[in-house]
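The values are calculated or read from the model by the stated rules, or taken from the named source; none is laboratory data. Fair warning: this is a prediction, and the values are worked out from it, not measured in the lab. Cβ atoms come from the backbone with ideal geometry, glycine included; neighbour counts cover every protein chain shown. These area figures cover heavy atoms from the full protein model, side chains too; ligands, DNA and RNA do not enter into them. Shrake-Rupley method; radii C 1.70, N 1.55, O 1.52, S 1.80 Å.
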Amino acid sequence: MFLRSLPHSPYVRKVRVAAHETGLSLDCVEAHVFDPATPLLAENPLGKVPALVRDDGSVLYDSTVICQYLDTLHGGARLFPPEGEALWQALRRNALGDGLGQAATWNIRERYRPDGERSPRYQAYYERTIDRSFAALEAEAPALAERFGIGEISIACAISYVDFRYPDRGWRRTAPRLGAWYDGVCRRPSMRATELQAYKGPLQPPA
Ligand SMILES: N[C@@H](CCC(=O)N[C@@H](CS)C(=O)NCC(=O)O)C(=O)O
């Protein structure tokens with residue numbers, strides 16, 4: 001089993017952190033998502049990473065689906081609560097983290113568009129989504145410390161992507177409690193072992 005990956009993807013990091021937290025080892029193979037010849041396209045029609053290629057050749061994609069699958073492979077504390085309100089809150093936090101990551105990645109995508117194709121209107125729109133997400137996370141920061149499950153992992157990885165791409169954003173000024181929580185989770189071995197790295201491949205599709 002191995003993970004089609006990109007070194008700067010918050011969603012790949014989410015799966016890697018989940019694997020680390022649950023004691024599973026996971027090999028990563030870099031996928032060049034914008035290469036029309038990448039085997040990823042036959043494995044995931046969406047052409048996105050992460051995609052988990054299992055030993056029988058079958059593929060699971062979308063970080064949340066992969067994390068749910070990984071959660072069936074170990075005997076330790078579950079990343080996904082089994083049921084009830086705890087499950088809904090974990091899935092909501094997971095959605096908030098994933099959505100923050102999406103607004104940030106789509107905003108960055110605008111940055112890499114050729115001159116004349118960039119949309120300041122959409123960049124401003126994504127910026128507002130990012131701002132609202134940080135405000136919501138600051139409001140619930142005290143509760144984030146209760147566990148480090150799928151929701152908190154998704155949030156931590158999305159914040160790491162914002163820091164990676166926008167090091168001068170200064171979100172800690174308006175979200176100090178979130179900053180304290182995030183600094184704490186960054187000391188976990190799973191977060192230390194999975195730092196985002198720059199990607200050397202193409203950052204946009206071929207013309
Ligand atoms: N909802 C997906 C999002 C995955 C995603 O957007 N991955 C990005 C990398 S951060 C990607 O592969 N983009 C390539 C593309 O959109 O074609 C998940 O949670 O796995």
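Per-residue answers, yes or no, for (1) more than 21 Å from Arg78 (Cα to Cα); (2) within 16 Å of the ligand (Cβ to nearest atom); (3) modelled with pLDDT of 95 or more:
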site: Phe148; (1), (2), (3): no, no, yes
site: Ile153; (1), (2), (3): no, yes, yes
site: Ile159; (1), (2), (3): yes, yes, yes
site: Pro202; (1), (2), (3): yes, yes, no
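One residue is enough: does region 34-43 have a residue meeting the conditions open to solvent by less than 60 Å² (accessible area, probe 1.4 Å) and touching a helix residue (DSSP H, G or I) at 6+ places or on another chain (Cβ under 6 Å)?
Initial filter on region 34-43 (open to solvent by less than 60 Å² (accessible area, probe 1.4 Å)): 34, 38, 40, 43.
From what's left, touching a helix residue (DSSP H, G or I) at 6+ places or on another chain (Cβ under 6 Å): none.
The answer is no, given that none of the residues of region 34-43 is open to solvent by less than 60 Å² (accessible area, probe 1.4 Å) and touching a helix residue (DSSP H, G or I) at 6+ places or on another chain (Cβ under 6 Å).
Consider Leu70 carefully, then state whether it is over 19 Å from the mean Cα position of the chain (by Cα) and free of Cβ contacts under 8 Å to residues at least 60 places away in the same chain.
Details: over 19 Å from the mean Cα position of the chain (by Cα): no; free of Cβ contacts under 8 Å to residues at least 60 places away in the same chain: yes.
No; evaluated as a whole, the condition is false for this residue.
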Of all residues in region 150-184 being in a loop (DSSP other than H, G, I, E, B) and among the hydroxyl-bearing types (Ser, Thr, Tyr), the one that is farthest from Asp71 (Cα to Cα): Thr174
All positions within region 190-202 that are touching a residue at least 12 places away in the same chain (Cβ under 8 Å) and either over 26 Å from Cys28 (Cβ atoms) or outside any loop (DSSP other than H, G, I, E, B) (or both): Ser190, Met191
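Please determine, by comparing only the residues of region 83-95 that are open to solvent by 40 Å² or more (accessible area, probe 1.4 Å) and assigned to a helix (DSSP H, G or I), which one is farthest from Ala18 (Cα to Cα). Please lay out each step first, then the result.
Initial filter on region 83-95 (open to solvent by 40 Å² or more (accessible area, probe 1.4 Å)): 83, 85-86, 88-89, 91-92, 95.
Going one step further and asking which of them are assigned to a helix (DSSP H, G or I), we end up with 85-86, 88-89, 91-92, 95.
Details: Glu85: 21, Ala86: 18, Trp88: 18, Gln89: 18, Leu91: 14, Arg92: 17, Ala95: 16 Å.
Top of the filtered list is Glu85.
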Residue in region 121-131 that is within 16 Å of the ligand (Cβ to nearest atom) and either under 22 Å from Pro205 (Cβ atoms) or touching a Lys or Arg at 6+ places or on another chain (Cβ under 7 Å) (or both) present: yes
Candidates Pro205, Pro142, filtered to the one that is assigned to a loop (DSSP other than H, G, I, E, B) and not polar (S, T, N, Q): Pro205
Residues of region 135-174 that turn out to be over 15 Å from the mean Cα position of the chain (by Cα) and closer than 22 Å to Tyr11 by Cβ, as a count: 9
Set Arg147, Arg187, Arg118, Arg132: member being outside any loop (DSSP other than H, G, I, E, B) and open to solvent by 70 Å² or more (accessible area, probe 1.4 Å): Arg132
